1. In region 368-378, what count of residues is obtained for those that are without any contact (Cβ under 8 Å) to a residue 60 or more places away in the chain and either part of a helix (DSSP H, G or I) or closer than 25 Å to Gly280 by Cβ (or both)?
2. Give region 304-325 a look and list any residue that's over 23 Å from Asn144 (Cα atoms) and either within 27 Å of the chain's Cα centre (by Cα) or assigned to a loop (DSSP other than H, G, I, E, B) (or both), or say none.
3. Of the residues that make up region 333-342, is at least one assigned to a loop (DSSP other than H, G, I, E, B) and either out of contact with any helix residue (DSSP H, G or I) (no Cβ under 7 Å at 6 or more places or on another chain) or free of Cβ contacts under 8 Å to residues at least 40 places away in the same chain (or both)?
4. I'd like the residue in region 343-362 that is acidic (Asp, Glu) and assigned to a helix (DSSP H, G or I) and, out of all such residues, is farthest from the chain's Cα centre (by Cα).
5. If you go through region 192-212, how many residues are open to solvent by less than 60 Å² (accessible area, probe 1.4 Å) and charged (D, E, K, R)?
6. Take the residues of region 379-404 that are in contact with a helix residue (DSSP H, G or I) (Cβ under 9 Å, 6 or more places away or on another chain) and assigned to a loop (DSSP other than H, G, I, E, B): which is most open to solvent (accessible area, probe 1.4 Å)?
7. Suppose we filter Phe177, Phe240 for residues that are at pLDDT below 95 and either of a type in the set (Val, Ile, Thr) or under 22 Å from the mean Cα position of the chain (by Cα) (or both); which single one remains?
8. Confirm whether Lys365 is closer than 30 Å to Ala299 by Cβ, assigned to a helix (DSSP H, G or I) and open to solvent by 50 Å² or more (accessible area, probe 1.4 Å).
Amino acid sequence: MAEEKKKDLAAEKATKETKAPAKKAAAKKEPIVEYTHEKSQAWYKRALDVIPSGIYGHQGPAEGLWIPAAKWPYFSERAKGTYFWDVDGNKYIDYMCAYGPNVLGYNDPDVDAAAKEQLEKENCVTTPSYKMVELAELMVDTVNCADWAFFAKNGNDATSGAIMCARAYTRKKKIIFIKGFYHGVSPWCQKVDYPGIIPEDVENSIYVNWNDIPDLEKAIAENEGEIAAFIAMPYLHGNFFDNILPADGYWQKVRELCTQHGIVLIIDDVRAGFRLDLAGSDHFYGFKADMICFCKAIANGYNVSAICGQEFLKSAMSSLSYTGSYWMSAEPFAAGIACINKMKKLDTPKMFRENGIKLTEGLKKAAENNGFDLVVSGEPALFYLRIANDDSLFLHQEWIAEMVSRGIYLASHHNHFMNASITDEDMERTWEVADDAFKAVRKNHPELF
């Protein structure tokens, strides 16, 4: 009897194994087609009449390097999860995540429910909602270096406030930046040759090389007693170059130098914040910042940013004349509470790392299969891509445009973001489209192969 049962089980297993491939083969793959954007173009023409550049900043065709422009959507109509649909009805798997704020998925039901509940009670009121206190308590409980939290709206608000706080505390002027930085759009963090910027705006800026402790030591020695702050991203994730992680011991030595010379150490975690570590990217890399700036991932798209800092800076922050019309609106605070708690529940940093590695390995394989060298850099949660076959970067821009026009939204020279709604099926579709896009680029450039 036992022998017969074993035979029956073996036969059943064999039947399942033979049926499984047939079932899989029966599943229909969505065809890969190139999109058109007639309605987007029409809306853009209208926009040009009433808005400078039509769409300004890096989300527009000029600064966003939409080349060729005809392959890109200009305006969206709706979004859900990891997808958005443009005004022409084209669907995109979105790896830009609104340039970072989409951390859980567009229209996350838990975050939206918390925001809606709060909105029905109050939002922008003469006195702030107690929700501000609850979010501050949650930030202090979550972020490793935080003894307090101060809220604003944009990443630029947070970095600017942190710089003002450092100057108020130290009574010094100069700021050390890492070359290749981006900390916002205020005059203090732009360059002298940018439109609208005058030399006085940046005369107290000092620039040093990333991962170069001797260069930092030299800058400190040449400006001894004049430096208010050192501000940097947790790892170098600028545009137009491969992202660079901190060298072993780099941040520990920076921390030591800042403490030794009375320099306030500020981490700009606006992009990477909560994606590497819910306690902050400084915690992820094994050191403690004096202040850390958050924005994109706090509230899943609801507009709130934060500066968190150590106790010794609390009075200096209190001394600032620094606020805004909507900085104490209650709805984003409620959304932030729901978002942070859900990220904790899901352990999103672990999820983003694992899925980021999986996704980029598949993209590299698709590139290799078509004769391309796709370089992946940075942290998997917000990775950077570059086709290395062409130093001019035009080949990379061409591939990105082919991806976008087939429903995978990436940007040409910016890091990309993982979110909690990306599925295995989304990644498989991404690899299929990547293969097709690489084939299109290869066909256009027979001279390279």
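The values are calculated or read from the model by the stated rules, or taken from the named source; none is laboratory data. Small disclaimer: the values here were computed from a predicted structure and weren't measured. FYI the Cβ positions are ideal-geometry reconstructions off the backbone, even for glycines, and counts take in every protein chain you see. Ligands, DNA and RNA are stripped out before the accessible areas are found, and what is left, the full protein with its side chains, is counted by its heavy atoms. Shrake-Rupley method; radii C 1.70, N 1.55, O 1.52, S 1.80 Å.
1. So the count comes out to 2.
2. Matches in region 304-325: Leu320, Ser321, Tyr322, Thr323, Gly324, Ser325.
3. no
4. Glu361
5. Here the count works out to 2.
6. Asn389
7. Being at pLDDT below 95 and either of a type in the set (Val, Ile, Thr) or under 22 Å from the mean Cα position of the chain (by Cα) (or both) holds for just one of Phe177, Phe240, which is Phe240.
8. no
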